[in-house]
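J.: Take a look at the following structure, please.
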Amino acid sequence: SVAGGLGLQVGLSAVVGALKNAIVGSFELADALEQSKIAFTTMLGSGEKAGQMLNDLKSFADKTPFEFQDIQAAAKRLMAMGTAAEDVIPTLTAVGDAAAGLGLGKAGVDRITLALGQMSAKGKIGGDDLRQLAEAGIPALRYLADAAGVSTAEMSKMIEKGIIPAAEGVKVLTQSMSGDFGGLMAEQAKAVLDS
């Protein structure tokens, strides 16, 4: 009976510990959501727009294998580096599909959004940013060369001269990623739900 009593006590301790972790976790999630709302309000200039952005990101995250908090972080990074609010979801869709298709997960989303964000912040496409994308498995140089109708060597020279504007370059990259990897994120999310 002593062993049974100890077992019951250990079991109750586990239940209480799990309940405590759930409560602490929900407070942390609420705090993180409030911090995100403040950040998006600052970036978008209104609480209403911030709320809509968070709702859009939540809907987006629900259809993907990625966590809502990770999607929020990627969106904030893109917007902080100059991506327009209306371009965030399409960009995240292309990035998420590419990361899913390449098996990169959250780290891939972070890596790709960082490279695209850096391009936007600089205002031009740079070789370092393209290398980051190539290391992630995205043939960014080929995408840009194909769109311009030139060889990759010619595109490299144009990039070295700093004459490829970021706005057009990022658009080409996201459209090309969508073409090669489109729909893979949804397939991966469906596979996770089916298993």
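The values are calculated or read from the model by the stated rules, or taken from the named source; none is laboratory data. On a predicted model such as this, the values are computed, not experimentally measured, just so you know. Neighbour counts run over all protein chains shown; Cβ positions are idealised from the backbone, glycine included. Note: areas computed on protein heavy atoms with side chains; ligands, DNA, RNA excluded. Shrake-Rupley method; radii C 1.70, N 1.55, O 1.52, S 1.80 Å.
J.: Condition test on residue 138, is it in contact with a strand residue (DSSP E or B) (Cβ under 9 Å, 6 or more places away or on another chain) and β-branched (Val, Ile, Thr)?
T.: Against the criterion (in contact with a strand residue (DSSP E or B) (Cβ under 9 Å, 6 or more places away or on another chain) and β-branched (Val, Ile, Thr)), residue 138 does not qualify.
J.: Shifting gears a bit: Starting from residues that are farther than 18 Å from residue 96 by Cβ and outside any helix (DSSP H, G or I), keep the ones in region 31-65 and report whichever is most open to solvent (accessible area, probe 1.4 Å).
T.: 45
J.: Given the criterion aliphatic (A, V, I, L, M) and crowded, with 21+ Cβ neighbours inside 10 Å, identify the matching residue among 100, 80.
T.: 100
J.: Oh, and also: Consider residue 130 carefully, then state whether it is out of contact with any Ser or Thr (no Cβ under 8 Å at 6 or more places or on another chain) and among the aliphatic types (A, V, I, L, M).
T.: It is true that residue 130 is out of contact with any Ser or Thr (no Cβ under 8 Å at 6 or more places or on another chain) and among the aliphatic types (A, V, I, L, M).
J.: Next question, about the same structure. One residue is enough: does region 8-27 have a residue meeting the conditions modelled with pLDDT under 90, buried (at least 19 other Cβ atoms within 10 Å of the Cβ) and of a type in the set (Ser, Thr, Tyr)?
T.: No, because not a single residue in region 8-27 is modelled with pLDDT under 90, buried (at least 19 other Cβ atoms within 10 Å of the Cβ) and of a type in the set (Ser, Thr, Tyr).
J.: Among the residues of region 83-94, how many are open to solvent by 10 Å² or more (accessible area, probe 1.4 Å) and in a helix (DSSP H, G or I)?
T.: Result for region 83-94: 7.
J.: Separate question: Could you grab me the full set of residues in region 136-195 that are of a type in the set (Ser, Thr, Tyr) and over 16 Å from residue 120 (Cα atoms)?
T.: Scanning region 136-195 gives 143, 151, 152, 156, 176, 178, 195.
J.: Considering only residues that are under 18 Å from residue 40 (Cα atoms) and of a type in the set (D, E, K, R), look in region 79-136 and name the one that is farthest from the chain's Cα centre (by Cα).
T.: 86
J.: Same structure again: Applying the selection to region 90-111, what residues are under 16 Å from residue 179 (Cα atoms) and of a type in the set (Val, Ile, Thr)?
T.: Those that are under 16 Å from residue 179 (Cα atoms) and of a type in the set (Val, Ile, Thr): 91, 93, 95.
J.: Which of the numbered conditions does residue 107 fail, given that it passes all the others? Conditions: (1) more than 17 Å from residue 77 (Cα to Cα); (2) surrounded by fewer than 14 Cβ atoms within 10 Å (Cβ to Cβ); (3) not acidic (Asp, Glu).
T.: It is condition (1) that residue 107 fails.
J.: Please go through region 141-185 and give me each residue that is touching a strand residue (DSSP E or B) at 6+ places or on another chain (Cβ under 9 Å) and closer than 18 Å to residue 96 by Cα, ordered by number.
T.: Those that are touching a strand residue (DSSP E or B) at 6+ places or on another chain (Cβ under 9 Å) and closer than 18 Å to residue 96 by Cα: none in region 141-185.
J.: Wholly within region 118-195, which helices (runs of 4 or more DSSP H) include no fewer than the required count, namely at least 3 residues that are open to solvent by 40 Å² or more (accessible area, probe 1.4 Å) and within 28 Å of residue 65 (Cβ to Cβ)?
T.: 127-135, 166-181, 184-194
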